[in-house]
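Comments concern the structure below.
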Amino acid sequence: MTDNEISPTPESGETATAPATRRSTREGARLAAEAAKGKVKQVASAVRPTSSASRRKGAAGPVRSVVILTMVGGLVATVALPAYGAFSSGDGTQTVQQLAAENAQSLVIASDASQSSITRDSYSATTADELAKKKAAEAAAARAKSASVVSRVASVNLSLVAPGSGIVRWPVDMAGTRVGDGFLSRGGTHMGVDLLNAQGTPIFAAAAGTVRVAAAGNYYYGYGHAIVIDSVINGQQVSTLYGHLEDGGVLVQPGQQVQVGQIIGLMGSTGQSTANHLHFEVKINGNYVDPYAWLQQNAG
Ligand SMILES: [Zn+2]
């Protein structure tokens, strides 16, 4: 990890010294352990009643050990103080580095996890608590978005009529028509199917019904010149939308009754469109359904 990639808040600035502190602390602990072993050895030799020379030698041992231990203790206290001071941050939150400092074993895991998150999602948060809150908020938003789509795309039986009965028909002649982006493509935002053909290709009513929207002199949202027809098919409320018709290509008027298969418009590329195509949407009882699957199951 590199601390300089984390925003230089006072907290992280303080704890930037933590790794060095831990290393020094561990080094100190090792020295202390070695010194303790040495002390035991020296004490053992000291209590062994041999010659006076060895007794003098033994007497010097503990003194040296005490000096070493004192030095080690001083080392630990000196370098450890900033780290302990860093733990008492004003708001009670701890940085990832601080959490890691409490447990050297978790340092690599905690730092790597937060580091990759910062890199991937450009988090500005520096504390584990903030990161957790951000991730929880994003997860909740994703669930809400997903639930929203699911509620609009409820499980609906697409089969309303016998396929090929003529009650539902294809809105364009599929001969020479290419199927482009489908239902819920583009990250789940595309609520229709794109049927591509030449400008001016006739567009037919997919079902008999009443024209609710006929945007001939204006654009209907991003659909450009568009038509919406409300139908009742086998007792179900079905709305069909025809988008991106060419200028002058809306051939019906609001309130008009149309028959299935009747020419209602001409293909174009008006509105949010980059190619001549029909953007076709279907709602059953207000729920978006896969329009291509719906056509396959009902138009045959
Ligand atoms: Zn489309």
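Each reported figure results from applying straightforward, stated rules to the coordinates on display, with no laboratory input. The structure displayed is predicted, hence computed values, not measured ones. All Cβ positions, glycine included, derive from the backbone under ideal geometry; neighbour counts span all protein chains shown.
With a Förster radius of 22 Å applied to the beta-carbon distance between ARG186 and ALA293, the computed FRET efficiency rounds to 0.80. Length gained on full extension, TYR219 to GLU138, computed as 0.36 nm times the residue gap minus the Cα-Cα distance: 25.7 nm.
Using C-alpha pairs below 8 Å separated by at least 6 residues, the relative contact order for the stretch 178-298 is 31 percent. A Förster radius of 35 Å, combined with the Cβ-Cβ distance separating GLN262 from SER155, puts the computed FRET efficiency at roughly 0.65.
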